[in-house]
Amino acid sequence: MKRYLPVLVLSVITLLGAGTLVWAQEPTSPVQAPAQQPQVQQSQLLAPQQLDNLVAPIALYPDPLLGQILVASTYPLEVVEAGQWLQRNKNLSGQQLMDAAKQQPWDPSVQALVAVPDALTKLNQDIRWTTDLGNAFLAQEADVMNAVQQMRTRAQDNGKLNSTPQQTVTTEAQGGQQAIIIEPANQDVIYVPYYDPSYVWGPPDWGFYPPLYYSGYGFGFGSGFDLSFCFGGWGGWGLWGWGPNWFGRTVFINNSFFPRFGFQRGFRSGFSGRTIWAHDPVHRLGVPYGNAQVAARFHGSSMGSWNSFQPRSQSQPQQGYQARRYEAPQQRYEAPQQRYQAPQQRYQAPQQRYQAPQQRYQVPQQRYQAPQQRYQAPQRFQAPQQRYQAPQQFRSAPQMSAPRVGSGGGFGGGRVSSGGGARSGGGGGRRR
């Protein structure tokens, strides 16, 4: 399958070809620097202090994820492609996301990383650091594994590495050696820890830690990723495809994982169980190796194999998959000499700017005049001067006269008339 790489990614290849660990060249301060600073060259191996700094961002990752990251870091350009592909396919999730990733021509270690986006994002923060990690792992696999255990031991001594609801931390011993094992606490869910190396280990003994983005100053976990949604028939971490062999100081692969979950490459045909992982230069995509001996080791054949565990003479590309030609690391990517020329005639802003009208709005001088004739209240009501006069002619009351006493004699002997009526006196009348 033909690959079209953006110009930015190709520029990264040119930078990667320099083969110098920029972030580990100089100490952070004269106090931390030893008497003789190690000089890092492309053909030399890294010192233990440099390896400690190099693995610090991932040393406390769970073992299944750590083994996968070490393998994927040897294919840095495919890691970049996977990160860009994941950004363009945010609408996919679960089994649909994993099925689409398996159709991409990447190594399975890169394909499976889309199921854990936080880990893929970490590797894409600084592709130079990712490349340095992969180069060191290819050239000094045992030393890198030792560096991880060294950093875990120091973190545990500092009280920064303990079992949590997200992960289980145990110690195993074999053949006089001890190893600190970090495994997911849940058989379905994996948590990617986030921490600042300075918080866990303090200042480095020499140089400085990789200049990555560290979320906060402390130790914690992001959201968990349930892999049972991405891999149908999930059976727990015991079936995962990659893992560290701490007592052998190597990384193994689980050959049963790949055909079980539909990966077409990455396993050793005819083998079951765990075998030692081997690098496939096909997925290197011409990125130079950081060590001359490593470059010579994978420069024997110009055509890589899609199955890195079959003998080169017997390996055949899968039907429908076109193996990509491996370019010798000595032939580096040459940037085009004719670069993009910006047009000399730049945009000229118009000299005649907008002129505000000089004649501004004039307020009329003749303002509104209130009428001089103000409102006059009506004259008040005047009561009529001629008051009510009672009629002068008032009827006279009837006159009453006192009863008259008759001349007939004694007391009670006469009649008393009143109102024309007659009444007999009590002792009136004639005496007999």
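Observations
- When residues of segment 203-238 are limited to those that are out of contact with any helix residue (DSSP H, G or I) (no Cβ under 7 Å at 6 or more places or on another chain) and not in a loop (DSSP other than H, G, I, E, B), the one farthest from Phe258 (Cα to Cα): Gly220
- Matching option when the condition is out of contact with any Pro (no Cβ under 8 Å at 6 or more places or on another chain) and farther than 25 Å from Gly224 by Cα, among Leu113, Leu138: Leu138
- For segment 246-258, the criterion of being in contact with a Phe, Trp or Tyr (Cβ under 7 Å, 6 or more places away or on another chain) and under 21 Å from Thr121 (Cβ atoms) is met by no residue.
- Residue satisfying all of: in segment 54-66; crowded, with 24+ Cβ neighbours inside 10 Å and assigned to a helix (DSSP H, G or I); nearest to the chain's Cα centre (by Cα) among these: Leu65
- Scanning segment 203-251 for residues that are over 25 Å from Val144 (Cβ atoms), exposed (fewer than 13 other Cβ atoms within 10 Å of the Cβ) and touching an Asp or Glu at 6+ places or on another chain (Cβ under 9 Å) turns up Gly216, Tyr217, Gly218, Ser223, Gly236.
- Filter result (of a type in the set (D, E, K, R) and either closer than 18 Å to Phe221 by Cα or in contact with a Ser or Thr (Cβ under 9 Å, 6 or more places away or on another chain) (or both)) within segment 111-142: Asp118, Lys122, Asp132, Glu141
- Some residue of segment 122-141 being among the basic types (Lys, Arg), in contact with a Gly (Cβ under 9 Å, 6 or more places away or on another chain) and open to solvent by 30 Å² or more (accessible area, probe 1.4 Å): no
- In the set (1) in contact with a strand residue (DSSP E or B) (Cβ under 9 Å, 6 or more places away or on another chain); (2) at pLDDT 95 or above, the condition left unmet by Trp237 is number (2).
- Only residues that are in contact (Cβ under 8 Å) with a residue 60 or more places away in the chain and within 22 Å of the chain's Cα centre (by Cα) were counted in segment 86-109, giving 4.
- Hey, Pro197 at pLDDT below 95 and not aromatic (Phe, Trp, Tyr) or not: no
The values are calculated or read from the model by the stated rules, or taken from the named source; none is laboratory data. Everything numeric in this text was worked out from a predicted model, so none of it was measured. All Cβ positions, even for glycine, are placed from backbone atoms using ideal geometry, and neighbour counts span all protein chains on display. Areas reflect the complete protein model, heavy atoms only, side chains present, ligands, DNA and RNA absent. Shrake-Rupley method; radii C 1.70, N 1.55, O 1.52, S 1.80 Å.
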